[in-house]
């Protein structure tokens, strides 16, 4: 479903599917975009799951062995977790973006 409604304290499970069957090296990434803010990486799964510091507790990302499906489980939902959640698939190594400031 496009919209998921949850009560405070509930666990929410979001599913994602990618259809690149040609590659065996798929990274599945999950992002959140709060109602007032930009896109933020929650974590990703290539061979193992890695989380950004803010999302190490209460979030669980899994990927099926065939690398076609990924699931994001959000435990104990609260109002600060409202927003749009996005899943992305990338072939090969995951890329960590860094902000570069000009001096």
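Quick note: the coordinates plus some simple rules give every number you see, no bench work behind them. Treat the numbers as computed from the prediction; the structure is a model and nothing was measured. Positions of Cβ are generated from backbone atoms using ideal geometry, with glycine treated the same way; all protein chains shown enter the neighbour counts.
One table, with the values for the structure above:
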| read-out | value |
| --- | --- |
| Difference of contour (0.36 nm per residue) and Cα-Cα distance, residue 66 to residue 21 | 15.3 nm |
| Packing-based exposure ordering (other Cβ within 10 Å, fewest first) of 35, 17 | 35, 17 |
| Relative exposure of 84, 30, judged by other C-beta atoms within 10 Å (fewest first) | 84, 30 |
| Global form of segment 22-91, assessed from the alpha-carbon gyration tensor, a/c cut-off 1.5 | prolate |
| Segment residue 85-residue 7, length gained on full extension (0.36 nm per residue, minus Cα span) | 26.4 nm |
